[in-house]
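Report on the structure given below.
Bear in mind that the values in this text are calculations on the coordinates, not laboratory data. Bear in mind the structure is a predicted one, so any value in this text is a computation, not a measurement. All Cβ positions, even for glycine, are placed from backbone atoms using ideal geometry, and neighbour counts span all protein chains on display.
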């Protein structure tokens with residue numbers, strides 16, 4: 001597993017961070033707007049966003065006094081590739097098992 005895939009998995013291991021990713025699918029969003037839709041306070045949202053930024057999943061821009069966060073295009077690609085490789089290997093092993101049993 002690459003460091004990038006591991007960072008994605010670690011970041012998405014928290015339900016609040018997964019929800020943030022879901023909310024950001026609608027487009028760039030300010031921290032306050034995200035906080036209004038989450039069960040944690042704004043300082044905690046900022047910490048979760050920092051983890052997502054460090055994992056390469058979310059990008060941050062400042063527009064005036066507002067901090068906007070958006071999903072990084074292709075940010076989930078390393079995780080998707082890792083899952084596909086492992087899923088393919090698991091399916092191949094399963095198919096081999098079934099063929100041996102026939």
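Pick from 70, 35, 55 the residue whose mean-square fluctuation is largest in a GNM of the chain, springs joining Cα atoms under 10 Å.
Maximum among the listed residues: 35.
Output the 0 to 90 degree angle, nearest 10, between the alpha-carbon long axis of helix 15-24 and the longest principal axis computed from the alpha carbons of the chain.
Tilt relative to the chain: about 70 degrees.
Just the projected area, averaged over all directions, of the convex hull on the alpha carbon atoms of the chain: how many nm²?
On the way: hull surface 32.0 nm².
The orientation-averaged projected area of the Cα hull of the chain comes to 8.0 nm².
Let me have the relative contact order for segment 19-102, percent, based on Cα pairs under 8 Å that are six or more residues apart. Walk me through the intermediate numbers first.
Numbers: 61 pairs, mean separation 22.5, N = 84.
Dividing the mean separation by the residue count of segment 19-102 yields 27 percent.
Helix-only estimate, please: 222 nm mean residue ellipticity of the chain, summing -39500 (n - 2.57) across DSSP H runs of length 4 or more and dividing by its residues, to the nearest 500.
My calculation for the chain gives -20000 deg cm²/dmol from helical runs alone.
If I stretch the segment between residue 61 and residue 87 completely, what's the gain in nm (0.36 nm per residue apart, minus their alpha carbon distance), one decimal?
Once the chain is fully extended between residue 61 and residue 87, it gains 5.8 nm.
Taking the 0 to 90 degree range and rounding to the nearest ten, how far is the long axis of helix 3-12 tilted relative to the main principal axis of the chain, both from C-alpha atoms?
The answer is roughly 70 degrees.
Helix 77-101 versus the longest principal axis of the chain: what is the Cα-based angle in degrees, 0 to 90, to the nearest 10?
Approximately 20 degrees, to the nearest 10.
Using a Gaussian network model on the chain with a 10 Å cutoff between Cα atoms, which of 57, 91, 49 fluctuates the most?
91
If each of residue 19 and residue 99 carries a label point 7 Å out from its Cα toward its Cβ, how far apart are those two points in nm?
Roughly 4.6 nm, to one decimal.
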